[in-house]
Ligand code: FES
Ligand code: FES
């Protein structure tokens, strides 16, 4: 039997080649082949948002997105935002506002919030609620999550006000 040709994926600024069929869900390749465990398996049906990654900056449910769809596009996972030593402002804000209980939904919340803030740096509460409305949180930390996105907007605004090359 012929083995499938390796797939080339661009993830978090690096290029990877993985041996998999082109119709493999992107989530499986990220978690199982690349050990990127930020995106979570929740429903597996595109309903909960736990598996969200950014594809060319757009929030995308990786459980229902095949590898073929991601070829030639820039994939960003939670690991691509910041590190423990240098958190991304959205990650920092979620910690400051204690927006997690079990934390299972937070990958999707943070990636969706990142995409929102990239295109709307000062979203209203209504906009935040609308953008996150398809990301499910079974723990009910919605109030803290909305506050975290507002806080992230403040942190990003403060960061962009600094001179080039200076980090808070
Ligand atoms: S695991 Fe992908 S949307 Fe629920
Ligand atoms: S914090 Fe538990 S699902 Fe959201």
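Since residue 73 meets every condition but one in (1) farther than 15 Å from residue 50 by Cβ; (2) within 14 Å of ligand 1 (Cβ to nearest atom), which condition does it not meet?
It fails just one condition, (2).
Using the structure shown, decide if residue 26 is within 13 Å of ligand 1 (Cβ to nearest atom), farther than 18 Å from residue 134 by Cα and touching a helix residue (DSSP H, G or I) at 6+ places or on another chain (Cβ under 9 Å).
Values: within 13 Å of ligand 1 (Cβ to nearest atom): yes; farther than 18 Å from residue 134 by Cα: yes; touching a helix residue (DSSP H, G or I) at 6+ places or on another chain (Cβ under 9 Å): yes.
Considered against the rule, which asks whether it is within 13 Å of ligand 1 (Cβ to nearest atom), farther than 18 Å from residue 134 by Cα and touching a helix residue (DSSP H, G or I) at 6+ places or on another chain (Cβ under 9 Å), residue 26 comes out as yes.
Quick check on my filter: what residues within the stretch 1-21 are farther than 13 Å from residue 72 by Cα and loosely packed, with under 15 Cβ neighbours inside 10 Å?
Of everything in the stretch 1-21, those that are farther than 13 Å from residue 72 by Cα and loosely packed, with under 15 Cβ neighbours inside 10 Å turn out to be 1, 2, 3, 4, 5, 6, 19, 21.
Could you check the stretch 51-69 and list, in sequence order, the residues that are assigned to a strand (DSSP E or B) and near ligand 1 (Cβ under 7 Å from one of its atoms)? Spell out how you get there, then give the answer.
Residues of the stretch 51-69 assigned to a strand (DSSP E or B): 52-55, 58-61, 66.
Selection gives 61 alone.
Do we have any residue at all in the stretch 33-43 that's more than 16 Å from ligand 2 (Cβ to nearest atom) and in contact (Cβ under 8 Å) with a residue 60 or more places away in the chain?
Scanning the stretch 33-43 turns up no residue that is more than 16 Å from ligand 2 (Cβ to nearest atom) and in contact (Cβ under 8 Å) with a residue 60 or more places away in the chain.
Can you tell me which of 79, 47 is within 15 Å of ligand 1 (Cβ to nearest atom) and either without any contact (Cβ under 8 Å) to a residue 40 or more places away in the chain or out of contact with any helix residue (DSSP H, G or I) (no Cβ under 7 Å at 6 or more places or on another chain) (or both)? So that I can check it myself, show each step before the final result.
On the way: 79 fails: within 15 Å of ligand 1 (Cβ to nearest atom).
Of 79, 47, the one residue that is within 15 Å of ligand 1 (Cβ to nearest atom) and either without any contact (Cβ under 8 Å) to a residue 40 or more places away in the chain or out of contact with any helix residue (DSSP H, G or I) (no Cβ under 7 Å at 6 or more places or on another chain) (or both) is 47.
Under the condition of being free of Cβ contacts under 8 Å to residues at least 24 places away in the same chain and within 16 Å of the chain's Cα centre (by Cα), which residue from the stretch 85-105 is surrounded by the most Cβ atoms within 10 Å (Cβ to Cβ)?
91
Before we move on, is residue 57 touching a helix residue (DSSP H, G or I) at 6+ places or on another chain (Cβ under 7 Å), at positive phi, surrounded by fewer than 21 Cβ atoms within 10 Å (Cβ to Cβ) and at pLDDT 95 or above? Walk me through it before giving the result.
Details: touching a helix residue (DSSP H, G or I) at 6+ places or on another chain (Cβ under 7 Å): yes; at positive phi: yes; surrounded by fewer than 21 Cβ atoms within 10 Å (Cβ to Cβ): yes; at pLDDT 95 or above: yes.
The answer is yes for residue 57.
The values are calculated or read from the model by the stated rules, or taken from the named source; none is laboratory data. Here the structure is a predicted model, which is why all the values come from computation and not from measurement. Virtual Cβ from ideal backbone geometry, glycine too; neighbours counted across all protein chains shown.
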